Every structure is written in structure tokens, then in C-alpha cells.
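See structure below.
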Amino acid sequence: MKKLILWAVLLGFSVLTAIAVASHGVIGIFQYQLANAAGLQVLVDLIIASAFFLVWMWHDTQKRGVSPWPWLILTLVAGSFGPLIYFIVREYKAQNN
């Protein structure tokens with residue numbers, strides 16, 4: 001059930017991202033966040049949440065004997081796609097053990 005939920009979230013977020021990028025471009029997405037204090041607050045909130053996740057992911061990968069670097073880089077470059085894909089891969093590896 002976890003995998004199904006994770007795949008659904010990844011698919012839904014991918015569609016939303018594709019629509020946003022097609023409508024506004026990658027730069028346009030950030031321009032909206034930097035347009036006023038409300039947008040900036042959301043952007044800073046996402047940066048803080050991502051930083052907490054990066055720290056957790058570092059510890060989780062170390063505990064599992066997996067290199068954290070691909071996941072950290074993916075998260076820094078692609079935002080929430082990194083954690084979503086990490087959780088999916090983690091679920092499949094847990095199932096195989």
C-alpha cells in the first residue's frame with residue numbers, strides 16, 4: 001500500500017510540475033515565489049523542510065549502507081522528486097530483504 005501511495009504522489013506531483021513548467025518555465029516558478037513576502041515565506045519553508053529531510057536521509061542511507069550522494073544531489077537539484085524517489089526505492093529494497 002505504501003508503494004502505491006508513493007507512486008500516486010510522485011505521478012500527481014510530476015503532472016503538476018510539468019503543467020507549471022509548461023505554463024511559466026522553471027525561472028517563472030521561482031519568480032512567483034520571490035514576488036512578495038507570502039511567496040518568499042513558502043519558499044523558505046520548503047528550504048527548511050528540505051534541509052531537515054537531507055539530514056534525515058544522510059543518516060538513513062548511512063544506516064542502510066547506501067551512498068547518500070545521489071539522493072542528496074537529486075534533492076538539491078529536483079526538490080521533492082529526490083525524497084519521493086528515495087522512498088520508493090527504499091520500499092522496494094525493504095521488500096527484497
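Derivation of every value follows stated rules applied to the coordinates shown; laboratory data play no part. What you see is a predicted model; the values in this text were computed from it and never measured. With ideal geometry, Cβ positions are generated from the backbone for all residues, glycine too; neighbour counts draw on all protein chains shown.
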Give the relative contact order (percent, whole number) for the chain; include only Cα pairs under 8 Å separated by 6+ residues.
30
Within a Cβ distance under 13 Å of residue 95, other residues only, what is the Lys/Arg minus Asp/Glu net charge?
+3
Mind listing the phi-derived Karplus ³J(HN,Hα) values for the stretch 15-22, rounded to whole Hz, using 6.51, -1.76 and 1.60 with θ = phi - 60°, and x for any glycine or proline?
5, 4, 5, 4, 5, 5, 5, 5
Dipole magnitude of the stretch 2-96 about its Cα centre (Cβ charges: Lys, Arg +1; Asp, Glu -1), debye to nearest 20:
360
